[in-house]
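Enquirer: Next up is a structure, given as structure tokens.
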Ligand SMILES: [Zn+2]
Ligand SMILES: [Zn+2]
């Protein structure tokens, strides 16, 4: 990059190729969300910091280190994720009066952390939440929906991991069991995990340090902490995924670092992303609505990371302009502009250059734009009320009457039909 100013660290300029591709993916996502009965919401990027502290948990990485505060006096931050915010809106707008509310969102999220590859301070999520009902079918619908989105985005090399944290009691049982198994191994853990042992032992399972991984992999916990009904719920979700032919792997160490998760948690990973392997993740959060002051309603959702998706696929090709209008002398510029306007009014995508240059230079420019046709306005032709039409693919050129030109281009046909 050159020039004096760069984008702020951890942010990224989306130039036309990436912007075009991200909008293409967003629109694809919208289509699929509507197909599944989800409705879009657009919520503020600025949010009350408290809702994230309450929902994600005081001792989570996001709250400890990553909230991008913008006003400590007003307790405002840029939203680090959308689930807690959607639940805030769900309660505030009394959406709980409906039995089941299915919402989706697409937009930027913010983290105030040290930027790394695949991890930004501003990044974009495509996500969905279903609040109000609890059924293994609904969990399966959400997992299947996330999978369908990834497939429709053209992502192939990803895999699904799933686990159950159980209900609140199970989670507590999980924590004490983990602490018991780790008691004589604490010294082997990294400095952070030694603290986590006291504050939030589940997060030790997420640690990427090699030594911690080694300790964690040697533990034998299985899902012995799950109560009977949570175990059965988990088994039902797994068998529904089997039935739908969605491949997955049960990962007993998958806990997701956020406090609000209960029961089912899942992650879509890819090995082509470096150390950050998650393309998307989600789970059930049955206590969250109550925690933020609403009625006791269950919820489930997921989010996919747009930047990670862009790392895993090629950029979409622009559909190029159809016509470039060239003119052979500066006296013809306004005539060319008139024709350009007429073409656009008729819905034919077209453009021209405004500082006159040689025909050769205009044709070179048109070629770069990838247009299908160049209309050339020349003195000679215009005397006979004609223009030249150059078919860029066929490299052929013919004369056409000015009257017939627009009709021909609208039909988008072949020069031979003219
Ligand atoms: Zn349970
Ligand atoms: Zn560690």
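Enquirer: When the residues of region 216-231 are narrowed to those that are modelled with pLDDT under 90 and either more than 20 Å from residue 251 (Cβ to Cβ) or away from ligand 1 (no atom under 16 Å from the Cβ) (or both), which ends up surrounded by the most Cβ atoms within 10 Å (Cβ to Cβ)? Write out each step before concluding.
Expert: So the first thing to find is which residues in region 216-231 are modelled with pLDDT under 90, and the list is 216-224.
Those still in the list that are either more than 20 Å from residue 251 (Cβ to Cβ) or away from ligand 1 (no atom under 16 Å from the Cβ) (or both) too: 216-220.
On the way: 216: 22, 217: 9, 218: 10, 219: 16, 220: 8.
Here the residue is 216.
Condition check ((1) at pLDDT 95 or above; (2) over 28 Å from residue 290 (Cβ atoms); (3) buried (at least 21 other Cβ atoms within 10 Å of the Cβ); (4) away from ligand 2 (no atom under 16 Å from the Cβ)) across all residues:
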position: 92; (1), (2), (3), (4): yes, no, no, yes
position: 108; (1), (2), (3), (4): yes, yes, no, yes
position: 115; (1), (2), (3), (4): no, yes, no, yes
position: 131; (1), (2), (3), (4): yes, no, yes, yes
position: 148; (1), (2), (3), (4): yes, yes, no, yes
position: 157; (1), (2), (3), (4): no, yes, no, yes
position: 172; (1), (2), (3), (4): no, no, no, yes
position: 178; (1), (2), (3), (4): no, no, no, no
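Enquirer: A further question on this structure: Considering 106, 155, 126, which residue is under 19 Å from the mean Cα position of the chain (by Cα), in contact (Cβ under 8 Å) with a residue 60 or more places away in the chain, closer than 30 Å to residue 7 by Cβ and part of a loop (DSSP other than H, G, I, E, B)?
Expert: Being under 19 Å from the mean Cα position of the chain (by Cα), in contact (Cβ under 8 Å) with a residue 60 or more places away in the chain, closer than 30 Å to residue 7 by Cβ and part of a loop (DSSP other than H, G, I, E, B) holds for just one of 106, 155, 126, which is 155.
Enquirer: What about residue 60, is it within 16 Å of ligand 2 (Cβ to nearest atom), in contact (Cβ under 8 Å) with a residue 12 or more places away in the chain and buried (at least 22 other Cβ atoms within 10 Å of the Cβ)?
Expert: Answer is yes for this residue.
Enquirer: Would you pick out the residues in region 13-39 that are outside any helix (DSSP H, G or I) and surrounded by 13 or more Cβ atoms within 10 Å (Cβ to Cβ)? Don't jump to the end; show me each part of the working.
Expert: To start, the set of residues in region 13-39 that are outside any helix (DSSP H, G or I) comprises 13-15, 36-39.
Listed by number, the residues that qualify are 14, 36, 38.
Enquirer: Show the residue pairs that are 6+ apart or on different chains and have beta-carbon atoms under 7 Å apart, the first residue being within region 10-32 and under 13 Å from residue 316 (Cα atoms), the second being modelled with pLDDT under 95 and outside any helix (DSSP H, G or I).
Expert: If the second residue must be modelled with pLDDT under 95 and outside any helix (DSSP H, G or I), the pairs left are 17/315; 18/315; 20/316; 20/318; 21/315; 21/316; 22/14; 24/316.
Enquirer: Right, another one. Can you tell me how many residues within region 386-404 are surrounded by fewer than 17 Cβ atoms within 10 Å (Cβ to Cβ) and in a strand (DSSP E or B)?
Expert: Count: 6.
Enquirer: Next question. Within region 198-221, work out how many residues are over 33 Å from the mean Cα position of the chain (by Cα) and within 12 Å of ligand 2 (Cβ to nearest atom). First the steps, then the outcome.
Expert: First, the residues of region 198-221 that are over 33 Å from the mean Cα position of the chain (by Cα): 198, 215, 218-221.
Add one more test, that the residue is within 12 Å of ligand 2 (Cβ to nearest atom), and what stays is 215.
Adding up the residues that qualify gives 1.
Enquirer: In contact with a helix residue (DSSP H, G or I) (Cβ under 6 Å, 6 or more places away or on another chain) and in a strand (DSSP E or B) - does that describe any residue in region 62-74?
Expert: No: zero hits.
The values are calculated or read from the model by the stated rules, or taken from the named source; none is laboratory data. As the structure is a computational prediction, the values presented were derived from the model and not from experiment. Here Cβ is always computed from backbone atoms with ideal geometry, including for glycine, and neighbour counts include all displayed protein chains.
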